[in-house]
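Data first, discussion second: the structure below is written as structure tokens.
The values are calculated or read from the model by the stated rules, or taken from the named source; none is laboratory data. All figures in this text were calculated on a predicted structure; none of them were measured in a lab. Cβ placement follows ideal geometry from the backbone for every residue including glycine, while neighbour counts extend to all protein chains displayed. What goes into the accessible areas is simple: the full protein's heavy atoms, side chains included, and nothing from ligands, DNA or RNA. Shrake-Rupley method; radii C 1.70, N 1.55, O 1.52, S 1.80 Å.
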Amino acid sequence: MAYNQVKCDDQTARLLTLNTHKGLYKMNRLPYGVSRAPLLFQRIKDTLLKGLEGVVVLLDDILISGKDQAQLRAREKQVLVRLSEGGLRLKLAKCQFGVTQVQYLGHVISAQGLAPLNDRIAALKAAPAPGNVAQLQAFLGN
């Protein structure tokens with residue numbers, strides 16, 4: 001429902017008009033399937049959360065860090081206030097608050113730093129060694 005939170009202006013709504021058996025309907029909200037939707041949503045969230053220290057935004061994800069629980073809570077509150085002011089809502093079931101580590105994009109992020117997930121390392125170790133250039137290129141994804 002993330003993109004559906006973004007209101008379309010009149011010009012965009014006209015471009016997103018749907019032709020149905022019941023007539024023409026303008027889209028008042030940004031629907032999924034629009035090729036620029038991820039870019040627009042990213043830009044909106046980047047703009048809303050710009051200048052907040054310890055906050056990283058990547059599409060649907062917002063990572064918030066702090067040196068201690070008090071700083072973390074203060075930053076979480078700032079993020080929630082800005083999102084609310086921007087008209088965006090979060091789904092509580094998808095949020096994690098006050099965790100000491102998070103798995104993200106194949107890594108574990110914690111106070112100790114960034115580390116790859118153990119299952120990813122195990123998969124690499126279990127892979128057979130390439131025997132020729134073609135196999136090496138396939139392994140590297142080339």
Of the residues in the stretch 1-30 that are touching a strand residue (DSSP E or B) at 6+ places or on another chain (Cβ under 7 Å) and touching a residue at least 24 places away in the same chain (Cβ under 8 Å), the one that is nearest to V81 (Cα to Cα) is V6
Looking at this structure, is G106 under 30 Å from L30 (Cβ atoms), touching a residue at least 60 places away in the same chain (Cβ under 8 Å) and touching a helix residue (DSSP H, G or I) at 6+ places or on another chain (Cβ under 8 Å)?
-> no
Any residue in the stretch 76-91 that is charged (D, E, K, R), open to solvent by less than 80 Å² (accessible area, probe 1.4 Å) and part of a helix (DSSP H, G or I)?
-> yes
Close pairs (6 angstrom Cβ cut-off, 6 or more residues apart or separate chains): within 15 Å of A13 (Cα to Cα) in the stretch 31-44, not in a helix (DSSP H, G or I) anywhere | A37/L30
How many residues are within 20 Å of Q5 (Cβ to Cβ) and either open to solvent by 50 Å² or more (accessible area, probe 1.4 Å) or in a helix (DSSP H, G or I) (or both) when one looks only at the stretch 92-122?
-> 3
Any chance the stretch 95-113 includes a residue that's under 30 Å from T17 (Cβ atoms), at pLDDT below 90 and under 18 Å from the mean Cα position of the chain (by Cα)?
-> no
Matching residues in the stretch 2-52 - criterion: being open to solvent by 70 Å² or more (accessible area, probe 1.4 Å) and polar (S, T, N, Q) | Q11, N19, N28, S35, T47
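Scan D46, D61 and give me the residue that is among the acidic types (D, E), over 20 Å from K7 (Cβ atoms) and within 12 Å of the chain's Cα centre (by Cα).
Criteria check complete, one pass: D61.
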Qualifying positions in the stretch 53-75 - open to solvent by 50 Å² or more (accessible area, probe 1.4 Å), modelled with pLDDT under 95 and in a loop (DSSP other than H, G, I, E, B) | L59, D60, S65, K67, D68
